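Notes for the one structure printed next.
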Amino acid sequence: MQKQSAEITVFVVLATVLIAVTSCYWFGLSGPFLLDDYHNLEPMAVYGGVESMQDALRYIFGQDGLQWERSFARATFLLSDQYWPSSPYGYKLVNLALHIVSALLLFCVIFVFLGRTSSALVKAGGVSILWALLPMHVTTVLYVVQRMTILVALLSLLALYFLLIAASARRVFTRYCCLGLGVIASILALCAKENAAVLLLLVPLIYFYRESATNFIARWQSGFIAILPLLFVALMVVTAWVTWGQYEGREFSGLDRLLSQGPILFFYVFQTFWVFDSYTLFHDGDWVASLPWYIGAIAWILHAWVVKLSLDKLSKGNLLAVGILWFYAGHAVESTIIPLELMFEHRNYLPAVGIVMCCVHVITVCYAKIRSKGFSALVALAMPLVGGLIAILALIYQCAIWSDYRVLSSKWAADHPNSIRAQSYFVAMLDENGLTPMAYDKLEEVIARNKEPSLLMRRYYFGCKLSLNNNSLDLKVLSAMNFTTGVLFETKRILESGDPCLMSGIPGGYSALIKTVEGMPLLAGRKNYYASFNDIAASAFIKHGNYSAAVRAREAAWQLQPSVPTALKLAELFILGGDPDNASIYLNAAVDLDRARWFSDDDTRQSIVRLVELLSTQKGVN
């Protein structure tokens, strides 16, 4: 009877807290789209929205049908809306629902993982509750595009759950069904985001912890699981080898990034507990860049020592050790040698499970000791209850910040005065709200500290908007600067604008601007951005009637990223230019690429038919 009462209490508390979490996040659902949301959702509008299965497949898998990476995440975006522009509310509501489901799955995983005892029930409830309450998760749940991160966590937990069920199943059919479902969940996790590769470390971690208590998996399975960490290392080495050249487009080297991650991992732990911090979009890690190299080396030595101690304790069935190793395993992809940005708070979404495991272990040990002294259960749980209340208040505060674009951008800029992205985002907010003079002055302050090329171009754009005298864009200064992604946006905005002022202040006009940007260091080494630049340049050349230059730009884009749309654009240019031979070459290339796709695309084929008819007409006239 007492056991049943305890179980009911756990379920009631879990349900209550998850309802409270949902209520807290409700304050932030009215927030805006942010940064990468646009890049990931805008392709819905390419053909006027997703109105058919062909449109859906094109959006999910790309024009060539081969973009499997993050395809499952894109598929889930269609649950919220099929058109663009759209309202962010539906997208954020789905994110919240997935977050709650992830918390419930975490409860199931921990409960089965710890042996389905009454003690396991309490610990599973504690882990799930604390993890769901973490204010840091605001940066994941209320940032639409980070559904990718949520899906990785949800599907990884689902895969682990099926593995645990398979491991304890007595019937062969049940065991292999669950193993199959676990594999499917793992594949879907990889199709949501590549960092799901951490499953190759989490699966052995859970197995070897359980193996210390009971032999619950056959010997051949034990051997297979032991190979998974080696497979992970091999994948990381190959990935680093393939992507290492991307460091040429970064302001830090591979060694710099690796050294920076040591202090950053400690900072992630600090952020998890310091709920009074303001979690904005992300941290650029500017404070890490100023640290001497030996600080990073010392941090990694400490991490190695902690991992060694945890591995020693793991064989004794220590939950604290599992939590520590889970944290490190969760960060093994994005916080090591892959050429990514230095810091993002959402990277702690799944790894934070490990931190929470450690907290629950400490709480249960302290609870037992306090109770053994004769104190009541309420006294023993006083600190965790106060901590939970503080977390709820902090979560409401963070969600309120994320509900307002103006407050969020202002807070981000105030908290990170040396972050170019934070200041740039704040300046854009001022301009969008009709405060362009204030935005210009703020931009001058930022440029005085860091002459980032996109900021110079934005200042020039604002100068024209404000009709300032002697407003010009110094192309010589611009050409000496390294290319950054913001340059693409500013170049496109200047070239597509119909304001004569924007061309009058550029020596040599639009063609000189295109030539300058093309010659900026680091652009040519970044294939995707270089292809996008050539597409922007081609559109500008066509706008000004320079078709030969447009052809050269389109051909450069084709060499970088051969695709059906690029081939069709080239074919149309050659048709308009009276060159049927080259038009036929690219039209045939478009047909071949279209046939190579595994799904039909009637819109593309209609475009091909239209161009074939134009080409036939042109040849008939000739």
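The values are calculated or read from the model by the stated rules, or taken from the named source; none is laboratory data. For clarity, every value in this text was computed on a predicted model and none was experimentally measured. Glycine gets a Cβ as well: all are built from the backbone with ideal geometry, and neighbour counts include every protein chain shown. Quick note on the areas: whole protein, heavy atoms, side chains included, nothing else; ligands and nucleic acids left out. Shrake-Rupley method; radii C 1.70, N 1.55, O 1.52, S 1.80 Å.
With a 1.4 Å probe and every protein chain left in place, work out the accessible area per residue of the chain in Å², rounded to a whole number.
On the way: 28840 Å² over 622 residues.
It amounts to 46 Å² per residue over the chain.
Per-atom-type breakdown for the stretch 562-621 gives carbon and sulfur 53% of the accessible area (1.4 Å probe, protein chains only).
Round to the nearest 0.05 the FRET efficiency obtained for Asp474 and Met438 when R0 = 22 Å and r is the Cβ-Cβ distance.
Numbers: r = 24 Å, r/R0 = 1.09.
So the FRET efficiency works out to roughly 0.40.
Label-to-label distance for Trp274 and Asp312 is 3.0 nm, based on points extended 7 Å past Cα in the beta-carbon direction.
How large is the dipole of the stretch 1-402 about the Cα centre if only Lys and Arg carry +1 and Asp and Glu carry -1, each at its Cβ, rounded to the nearest 20 debye? Walk me through the numbers on the way to the answer.
Values: 23 positive and 21 negative charges, 423 e Å.
That gives a dipole near 2040 debye.
Rounded to the nearest 500, what is the chain's calculated 222 nm mean residue ellipticity when only DSSP H runs of at least 4 contribute -39500 (n - 2.57) each, over all residues? Please report the intermediate quantities before stating the final value.
On the way: 31 runs with 445 residues, N = 622.
After summing the helix terms and dividing by residue count, I get -23000 deg cm²/dmol.
Return a single number: how many Lys pairs in the stretch 1-402, at a sequence separation of 8 or more or on separate chains, have alpha-carbon atoms below 26 angstrom apart. Lysine pairs, 8 or more places apart or on different chains, close enough: 12.
Scalar couplings 3J(HN,Hα) for the stretch 77-90, obtained by applying the Karplus form with A = 6.51, B = -1.76, C = 1.60 to θ = phi - 60°, are 4, 5, 5, 8, 6, 10, 10, 9, x, 8, 8, x, 4, x Hz; x denotes Gly and Pro. Sorting Trp598, Trp402, Trp305 on solvent-accessible area from highest to lowest, probe radius 1.4 Å, gives Trp305, Trp598, Trp402.
Here the spin labels are modelled as points 7 Å beyond Cα on the Cα-Cβ line, and at Cys501 and Arg116 they lie 7.2 nm apart. Note on Ser376 and Ser30: with the Förster distance fixed at 41 Å, the Cβ-Cβ geometry gives a FRET efficiency of about 0.45.
Just the number, please: carbon plus sulfur as a percent of the accessible area of the stretch 405-559, 1.4 Å probe, no ligands or DNA/RNA counted. List each step's numbers first, then the result.
Details: 3680 of 7230 Å².
C and S fraction of accessible area: 51 percent.
Taking R0 as 30 Å, what FRET efficiency do you get between Arg493 and Tyr547 from their Cβ-Cβ distance, rounded to the nearest 0.05? For Arg493 and Tyr547, the calculated efficiency is 0.80. For the stretch 534-558 versus the stretch 572-600, the inter-centroid distance based on Cα atoms is 17 Å.
Phi angles of the stretch 544-557 translate, via the Karplus equation with coefficients 6.51, -1.76, 1.60 and θ = phi - 60°, into HN-Hα couplings of 9, x, 9, 6, 5, 5, 5, 4, 4, 5, 5, 5, 5, 5 Hz per residue; Gly and Pro are given as x. What is the distance in Å between the Cα centroid of the stretch 406-447 and that of the stretch 32-85? Between the Cα centre of the stretch 406-447 and that of the stretch 32-85, the gap is 30 Å. Helix 352-372 against the longest principal axis of the chain: what's the angle in degrees, Cα atoms only, rounded to the nearest 10? Relative to the chain, helix 352-372 is tipped by roughly 20 degrees. Modelled this way, with points 7 Å down the Cα-to-C-beta line, the labels at Ala448 and Lys515 are 3.5 nm from one another. Legend note: in the chain, cysteines whose Cβ sits 4.7 Å or more from every other cysteine Cβ are Cys24, Cys108, Cys177, Cys178, Cys191, Cys358, Cys359, Cys366, Cys399. Take the residue pairs Lys411/Lys476; Lys411/Lys492; Lys442/Lys476 and return only those whose Cα atoms are more than 32 Å apart. Going by Cα-Cα distance, Lys411/Lys476 fall outside the 32 Å limit.
Taking Cα atoms only, the orientation of helix 254-273 departs from the longest principal axis of the chain by about 50 degrees.
In order along the stretch 58-71, the phi-based Karplus estimate (6.51 cos²θ - 1.76 cosθ + 1.60, θ = phi - 60°) of 3J(HN,Hα) comes to 5, 5, 6, 10, x, 4, 8, x, 10, 8, 6, 5, 6, 5 Hz; Gly and Pro are listed as x. Roughly how many percent of the accessible protein surface of the stretch 1-402 is carbon and sulfur, given a 1.4 Å probe and a whole-percent answer? Reported share for carbon and sulfur atoms: 72 percent.
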